């Protein structure tokens, strides 16, 4: 669950800062095709990230990834990798 991910927040904030959730300068330089997964209930950050990444696309899932099975996540990711 989300609580399990909380321990990573200090490292996330060390990379992107605590006042800017989308690291615009870094993301804009990424040239690798990127798939951004987002839950349909909260797509704002994902949309902002995809808007500045030159080769990114977004896939909206019915629920946050921590609520989905590995098969459901694979179904979203495998077409991107093909």
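Each reported figure results from applying straightforward, stated rules to the coordinates on display, with no laboratory input. The model shown is predicted, which means the values in this text are computed figures rather than measured ones. Every residue, glycine among them, receives a Cβ derived from its backbone with ideal geometry; neighbour counts consider all protein chains shown.
Computed over segment 38-82, the percent of Cα pairs more than 17 Å apart is 37.
Look at 71, 61 and count the other Cβ atoms within 10 Å of each Cβ; fewest to most, that gives 71, 61.
Here the gap between residue 30 and residue 65, fully extended at 0.36 nm per residue and compared with their Cα-Cα distance, gives a gain of 10.3 nm. Ordering 32, 60 by the number of other Cβ atoms within 10 Å of each residue's own Cβ, fewest first, gives 32, 60.
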